[in-house]
Amino acid sequence: EWIDFSIYFNKIIDRFELTKNQNVTFIREIPETPMFVEIDQDKITQVLDNIISNAMKYSPEGGRITYRIKEEDTQIVVSISDEGVGIPSENVNKIFDRFYRVDKARTRRLGGTGLGLAIAKEMVQAHQGDIWAESVEGEGTTVYFSLPYDRMAEDDWS
Ligand code: ATP
Ligand code: MG
C-alpha cells in the first residue's frame, strides 16, 4: 500500500523510544514533507525493527542513535547511525549474510541468530531497494537502505 514514509518512520521510532530501558538518545533528521512510497508495511517494519534493535544492542551507555531520510530523485535513502563498537571494514558487507556475526563471544552474550540482516536484505530487495552499511571500528555504524519512489506518481495524488 502507499504510505507517507516520514510519518510511518516516526511512529516506529516512537515505539522504540517509549519502550527503551537503556540510556541512548534518539536524534531525528527526518524531513516533514510528505513522501509516498509503496511498501509492504509488515515487511519494512521487520527491516526497521532489526536495524534499530541492532543499533541499540551495540550502543554504549549514553550513545546517540540518529535517524535520517534523504530524498533523492528516484529513491529515498533511510539511515540509522549508532555510536557503538562498529564493524571491521573487511567484514562490513558480510553482516547481510545468513548466520554471519562479527564477534562470536560478544554476540553470543548479546543473543540473536545472525539472520536479522539477511532477512532485511531479502525484504528490501523485494521492494527493488538496496541495503548496505558503513562502519568505523570503535566509532559506530550506519545502516542504509533505499526504496524507489516516484515523485511524479506522488504529484498525481494532489
Ligand atoms: P538477530 O537479528 O537474528 O537477532 P543478530 O542481530 O546477531 O541476530 P543480524 O541482525 O543479522 O544478526 O546482524 C549480524 C551481525 O552484524 C551481528 O551479529 C553483529 O555482529 C553485526 N552488527 C549488526 N548491526 C550492528 C551494529 N549496529 N553495530 C555493530 N555490529 C553490528
Ligand atoms: Mg539483529
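Bear in mind that the values in this text are calculations on the coordinates, not laboratory data. Not measured: the values here are computed from a predicted model. As a convention, Cβ positions derive from the backbone with ideal geometry for all residues, glycine included, and neighbour counts pool all protein chains shown.
Data table
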item	result
Criterion violated by D97 - all others in (1) of a type outside the set (S, T, N, Q); (2) buried (at least 16 other Cβ atoms within 10 Å of the Cβ); (3) more than 22 Å from E139 (Cα to Cα) satisfied	(2)
Region 38-66, subset within 11 Å of ligand 2 (Cβ to nearest atom) and closer than 10 Å to V24 by Cβ, residue surrounded by the most Cβ atoms within 10 Å (Cβ to Cβ)	A55
